[in-house]
Amino acid sequence: MIDTSLRSSGASQDLMILKMGKNEIKRFESLVIIDGLTHHGTYMAPQAVEFNNKLRDSVNGAGLKKVLLLRDSNNRRISNIEHLTSTLREFGFTAVNPGKLTFSEQISVIKDADSVIGVMGAEMTNIVYANNCANILNIAPASMPDTFFHFLSVHKNHSYNEFRCETQSPDQNRNGSMQVDVEMICDIVRDLAF
């Protein structure tokens, strides 16, 4: 995935990614180490988003304007996802599971999006490829302390919104499944002109 990202961004073909074991020793004539672009939940350098904009420019969009990102994980699942998906389809949303797509396909399906809805998690990272000023609705457990997606949205001038809800686990574990109030989501979609 790193090689694909670098090639898509127009990086020099001379650039090499080298994976090393922790006990390996290598000698380099020239070595570049990049650090400090992001500190999860605290800081995100604009260069991180600029790099992803180059990747976005290298892929044709699929023409989807409204995207519901499905989660491909056992954590933070929406237990009534079928109901949410069918209801949002009536608003013009297309459900997409980024975990089942290639990297280029992930960029393509969200590149033209003006509205994106999904659950807080890896799949929502794809909002970096949505249009500037897109409407974003991030569904998250009430106890999930994460600002990463807000940072992405700030850099993209998105209209970023969160829908917080309780999980179904007895201890309110933030990785538990959630049953969302579909009518409330529909109200948000209507009110915010998604």
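What follows is calculated from the coordinates using simple rules that are stated; it is not laboratory data. A quick note: this is a predicted structure, and the numbers were derived from the prediction, not measured. When we count neighbours, we look across all protein chains shown, and the Cβ atoms used for this are built from the backbone with ideal geometry, even at glycine.
Hey, what did segment 2-90 get for relative contact order, percent, Cα under 8 Å, at least 6 apart?
On the way: 25 pairs, mean separation 24.6, N = 89.
28 percent.
Quick one: of the DSSP bridges fully inside the chain, what percent are antiparallel, nearest 5? Counting DSSP beta bridges with both partners in the chain, the antiparallel share is about 15 percent. In summary, no helical segment of the chain meets the span-like criteria, namely a full DSSP H run, a Cα extent along the axis of 30 angstrom or more and a mean Kyte-Doolittle hydropathy of at least -0.5.
Would you mind checking the pairs 26/54; 22/100; 65/156; 19/111; 65/100; 100/156 and listing those with alpha carbons more than 23 angstrom apart? Over 23 Å apart, Cα to Cα: 26/54; 22/100; 19/111; 100/156. Placing unit charges on the Cβ atoms only, positive for Lys and Arg and negative for Asp and Glu, gives segment 35-117 a dipole magnitude near 200 debye about its Cα centre.
Cβ-to-Cβ counts within 10 Å put 177, 58, 30 in ascending order as 30, 58, 177, the fewest first. Ignoring the sites themselves, the chain has its longest run without GluC sites (Glu not before Pro) in a DSSP loop having at most 12 other Cβ atoms within 10 Å at 91-165. By the beta-carbon count within 10 Å of each Cβ, the least crowded to most crowded order of 93, 28, fewest first, is 28, 93.
If you build the Cα gyration tensor of the chain and take the root of 5 times each eigenvalue, what three semi-axes come out, in whole angstrom, biggest first? Could the numbers behind the result be given before it?
Values: eigenvalues 211, 81, 46 Å².
Result for the chain: semi-axes of 33, 20, 15 Å.
How do 43, 129 rank when sorted from fewest to most other Cβ atoms within 10 Å of their own Cβ?
Ranked by crowding around the Cβ, least crowded first: 43, 129.
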